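Report on one structure; see the data block that follows.
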Amino acid sequence: DAMVIQNPRYQVTQFGKPVTLSCSQTLNHNVMYWYQQKSSQAPKLLFHYYDKDFNNEADTPDNFQSRRPNTSFCFLDIRSPGLGDAAMYLCATSSNQGRNQPQHFGDGTRLSIL
Amino acid sequence: DAKTTQPNSMESNEEEPVHLPCNHSTISGTDYIHWYRQLPSQGPEYVIHGLTSNVNNRMASLAIAEDRKSSTLILHRATLRDAAVYYCILQTGANNLFFGTGTRLTVIP
């Protein structure tokens, strides 16, 4: 009964080759987030969608894009992955925007760059 | 981003209570205190959150200081499954979580 599903769990791509990571949710939540977590570091927010409204964090590189075609799905596109983009990418959802709303995380996609 | 300070690591014996401290001296009146934990090879998992009053749920208790500048996550009986990195986070904006470095909890059998 997984609620936030990320596929695949492991992804390998080549330096500079575009890659897309996917996230789906069965919670019907309004908000979806993407985080990047590098080895031995805390997760770092890249951007989030509130419904169809996209909110980018100021320090998120332009190389990272996102799409949300419907409520259930959200994609992370890395246009030209560099070695420094190797990380765990986490998707999360929350029912609404609000300081007392918990986030529900998927188990992440670990991205390796060759 | 509002900052929290946590010890890098803590140890506990199995079946004993664990008190995980967090300092957040810059907290403002409307900031919520959230705790998440992350087990190895998994995404973060919501544990508990609160504003001013102490909170209890099936996973843990959250004790918030009267001045709100610190809080303590209490696991009443640590099990081996509780070994994880515990993050204390101030939620200051819409709903964005800015994680600090967290406390790595080791549970000793």
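State yes or no: is A:ASP107 within 12 Å of chain B (Cβ to nearest Cβ), farther than 23 Å from B:THR92 by Cα and out of contact with any Pro (no Cβ under 8 Å at 6 or more places or on another chain)?
Details: within 12 Å of chain B (Cβ to nearest Cβ): yes; farther than 23 Å from B:THR92 by Cα: yes; out of contact with any Pro (no Cβ under 8 Å at 6 or more places or on another chain): yes.
When the stated conditions are applied, A:ASP107 passes them.
Given (1) within 11 Å of chain B (Cβ to nearest Cβ); (2) exposed (fewer than 13 other Cβ atoms within 10 Å of the Cβ); (3) modelled with pLDDT under 95, identify the lone condition not met by A:TYR10.
Among (1) within 11 Å of chain B (Cβ to nearest Cβ); (2) exposed (fewer than 13 other Cβ atoms within 10 Å of the Cβ); (3) modelled with pLDDT under 95, A:TYR10 violates only (3).
What about A:TYR49, is it hydroxyl-bearing (Ser, Thr, Tyr) and more than 11 Å from chain B (Cβ to nearest Cβ)?
yes
State all residues of segment B:23-45 that are surrounded by 21 or more Cβ atoms within 10 Å (Cβ to Cβ) and part of a strand (DSSP E or B); if no residue qualifies, say none. Steps first, answer last, please.
Initial filter on segment B:23-45 (surrounded by 21 or more Cβ atoms within 10 Å (Cβ to Cβ)): B:24, B:27, B:33-38, B:43-44.
If the condition is that a residue be surrounded by 21 or more Cβ atoms within 10 Å (Cβ to Cβ) and part of a strand (DSSP E or B), then B:ILE33, B:HIS34, B:TRP35, B:TYR36, B:ARG37, B:GLN38 are the ones that fit.
Pick from segment A:89-100 the residues that are in a loop (DSSP other than H, G, I, E, B) and touching a residue at least 12 places away in the same chain (Cβ under 8 Å): which of them is nearest to the other protein chains (Cβ to nearest Cβ)?
We begin by selecting, within segment A:89-100, every residue in a loop (DSSP other than H, G, I, E, B); these are A:95-100.
Filter once more, so that each one left must be touching a residue at least 12 places away in the same chain (Cβ under 8 Å): A:95-97.
Numbers: A:SER95: 9, A:ASN96: 7, A:GLN97: 4 Å.
Within segment A:89-100, the match that is nearest to the other protein chains (Cβ to nearest Cβ) is A:GLN97.
For A:LYS17, indicate whether it is at pLDDT below 95 and either within 23 Å of B:TYR87 (Cβ to Cβ) or surrounded by fewer than 19 Cβ atoms within 10 Å (Cβ to Cβ) (or both).
Details: at pLDDT below 95: no; either within 23 Å of B:TYR87 (Cβ to Cβ) or surrounded by fewer than 19 Cβ atoms within 10 Å (Cβ to Cβ) (or both): yes.
Criteria not met by A:LYS17.
Output the number of residues of segment B:65-90 satisfying the condition of being touching a strand residue (DSSP E or B) at 6+ places or on another chain (Cβ under 6 Å) and within 30 Å of A:TRP34 (Cβ to Cβ). Can you show your working first?
Filtering segment B:65-90 for residues touching a strand residue (DSSP E or B) at 6+ places or on another chain (Cβ under 6 Å) gives B:70-75, B:78, B:80, B:82-89.
In the following step, the residues that additionally are within 30 Å of A:TRP34 (Cβ to Cβ) were identified as B:71, B:73, B:75, B:82-89.
Qualifying residue count, segment B:65-90: 11.
Among the residues of segment B:46-76, which ones are within 12 Å of chain A (Cβ to nearest Cβ) and buried (at least 17 other Cβ atoms within 10 Å of the Cβ)?
The answer is B:TYR46, B:VAL47, B:ILE48, B:HIS49, B:GLY50, B:VAL55.
Please work out which residue is nearest to B:GLY29 (Cα to Cα), limiting yourself to segment A:55-88 and to residues that are assigned to a strand (DSSP E or B) and facing chain B (nearest Cβ under 10 Å). Let's see the steps before the verdict.
So in segment A:55-88, the residues assigned to a strand (DSSP E or B) come out as A:55-56, A:64-67, A:73-78, A:87-88.
Among the residues that remain, those that are also facing chain B (nearest Cβ under 10 Å) are: A:55, A:88.
Numbers: A:ASN55: 25, A:MET88: 34 Å.
It comes out as A:ASN55.
The values are calculated or read from the model by the stated rules, or taken from the named source; none is laboratory data. Everything quoted here is computed from the prediction, not taken from an experiment. Because the Cβ atoms are built from the backbone with ideal geometry, glycine has one as well, and the counts that use them run over all protein chains shown.
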